[in-house]
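**Student:** Take a look at the following structure, please.
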Amino acid sequence: MLLAGGAGLKTPFGIFYAPNITPDKTYAIGNWSEDDFIRALKDGISPNGTHYFPVFPFSAYTKMTTSDMKDLRAYIFSLPPASVPNKPHKINFPFNMRFLQWVWKVLYFNKGRYIPNNTKRDGWNRGAYLVNGLSHCNECHTPRNILGGSNSSRFLSGTPDGPEGNPVPNITPDLETGIGKWSDSEIADVLNSGMLPDGDFVGGSMTEVSENLSKLTPEDLRAIGVYLKSIPAIYNKIKSTK
């Protein structure tokens with residue numbers, strides 16, 4: 001059932017299981033107030049005051065506007081509730097200690113909504129908002145250090161050891177190892193259909209991501225392309241670690 005959770009994500013820190021975020025009041029978020037929901041996205045803090053593990057991409061969601069957060073909650077609460085208990089995470093010590101997550105936040109969490117760049121056109125700002133916030137591309141496409149913090153100097157340059165240990169491609173505009181040769185329309189086509197410019201298709205978890213991104217408007221898809229083509233090009237030839 002949609003948003004009922006249960007999918008496992010293997011990481012160097014253990015296995016994290018997606019929670020049930022349907023409106024069920026026993027096993028999910030049905031009892032959350034609007035303020036609870038917004039606090040989770042903005043601060044990475046649960047209604048009972050505990051810190052979420054950063055596998056929940058609150059570091060990206062914090063960039064959302066409050067209006068979009070409210071709209072997201074309204075949509076989720078319109079869905080059927082699912083009476084499905086959450087699976088407990090299987091996390092290695094000491095990373096399973098939630099109170100230590102505040103240290104991670106001090107080091108890597110930059111709270112606050114996206115501030116538009118007034119020197120850029122609207123399409124660029126919309127693309128930046130989608131890439132860095134709602135679509136949270138950084139969560140998979142930027143390399144991480146041993147503590148799980150993003151390496152900002154290698155922003156969106158890909159990694160050989162992404163989610164589930166799979167390689168994640170470089171999506172900077174590097175001409176050799178990234179998407180520098182792709183046009184804005186080709187980027188939009190990849191996001192909309194999953195088909196690459198060479199006729200092949202995206203694989204792994206990007207298949208599901210593409211299915212979700214296909215629901216964006218053509219204007220939003222083009223805006224993502226405009227933004228991605230504007231960021232610094234980084235040479236990073238990805239090889240699988242498997």
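The values are calculated or read from the model by the stated rules, or taken from the named source; none is laboratory data. Only a predicted model underlies this, so the values are computations on that prediction, with no experimental measurement involved. Note that we place each Cβ from the backbone using ideal geometry, even for glycine, and neighbour counts take in every protein chain shown.
**Student:** So, in segment 148-177, how many residues would count as being within 19 Å of HIS136 (Cβ to Cβ), assigned to a loop (DSSP other than H, G, I, E, B) and either in contact with a Phe, Trp or Tyr (Cβ under 9 Å, 6 or more places away or on another chain) or of a type outside the set (Phe, Trp, Tyr) (or both)?
**Tutor:** Going through segment 148-177 one residue at a time, the tally reaches 14.
**Student:** Can you tell me how many residues within segment 103-135 are surrounded by fewer than 18 Cβ atoms within 10 Å (Cβ to Cβ) and either touching a Pro at 6+ places or on another chain (Cβ under 6 Å) or polar (S, T, N, Q) (or both)?
**Tutor:** Matching residues across segment 103-135 total 4.
**Student:** Let me ask something else about it. Among the residues in segment 31-49, are any aromatic (Phe, Trp, Tyr) and over 29 Å from ALA188 (Cα atoms)? Reasoning before the result, please.
**Tutor:** At the first step, the residues of segment 31-49 found to be aromatic (Phe, Trp, Tyr) are 32, 37.
From what is left, the residues that are over 29 Å from ALA188 (Cα atoms) are 32, 37.
Within segment 31-49, one or more residues are aromatic (Phe, Trp, Tyr) and over 29 Å from ALA188 (Cα atoms).
**Student:** In addition: Inside segment 120-168, can you point out the residues that are without any contact (Cβ under 8 Å) to a residue 60 or more places away in the chain, under 17 Å from ILE224 (Cα atoms) and within 13 Å of the chain's Cα centre (by Cα)?
**Tutor:** Scanning segment 120-168 gives CYS137, HIS141, THR142.
**Student:** Answer yes or no: is there a residue in segment 81-94 that is among the hydroxyl-bearing types (Ser, Thr, Tyr) and out of contact with any Asp or Glu (no Cβ under 8 Å at 6 or more places or on another chain).
**Tutor:** The answer is no; no qualifying residue exists.
**Student:** Also: If I ask for residues that are farther than 14 Å from TYR61 by Cα and modelled with pLDDT of 95 or more, which ones from segment 120-131 would you list?
**Tutor:** Taking segment 120-131 and keeping what is farther than 14 Å from TYR61 by Cα, we get 120-127.
Within segment 120-131, TRP124, ASN125, ARG126, GLY127 meet the criteria.
**Student:** While we're on this one: Here's a check for you: in segment 99-110, which residue that is touching a residue at least 24 places away in the same chain (Cβ under 8 Å) and not in a loop (DSSP other than H, G, I, E, B) is farthest from SER59 (Cα to Cα)?
**Tutor:** Among those that are touching a residue at least 24 places away in the same chain (Cβ under 8 Å) and not in a loop (DSSP other than H, G, I, E, B), it is PHE99.
**Student:** Got at least one residue in segment 47-56 being in contact (Cβ under 8 Å) with a residue 24 or more places away in the chain, surrounded by fewer than 18 Cβ atoms within 10 Å (Cβ to Cβ) and in contact with a Pro (Cβ under 9 Å, 6 or more places away or on another chain)?
**Tutor:** no
**Student:** Restricting to segment 1-28, name every residue that is of a type outside the set (Gly, Ala, Ser), touching a Phe, Trp or Tyr at 6+ places or on another chain (Cβ under 7 Å) and within 28 Å of ASN92 (Cβ to Cβ).
**Tutor:** First, pick out the residues of segment 1-28 that are of a type outside the set (Gly, Ala, Ser): 1-3, 9-13, 15-17, 19-27.
Checking the rest, the ones that are also touching a Phe, Trp or Tyr at 6+ places or on another chain (Cβ under 7 Å) come to 9, 13, 16, 20, 23.
Listed by number, the residues that qualify are LEU9, PHE13, PHE16, ASN20.
**Student:** Filter segment 69-98 down to the residues that are under 19 Å from ASP36 (Cα atoms), in contact (Cβ under 8 Å) with a residue 12 or more places away in the chain and either aromatic (Phe, Trp, Tyr) or not assigned by TED's automatic domain parsing to the domain that holds TRP32 (or both) and list them by number.
**Tutor:** Matches in segment 69-98: PHE77 only.
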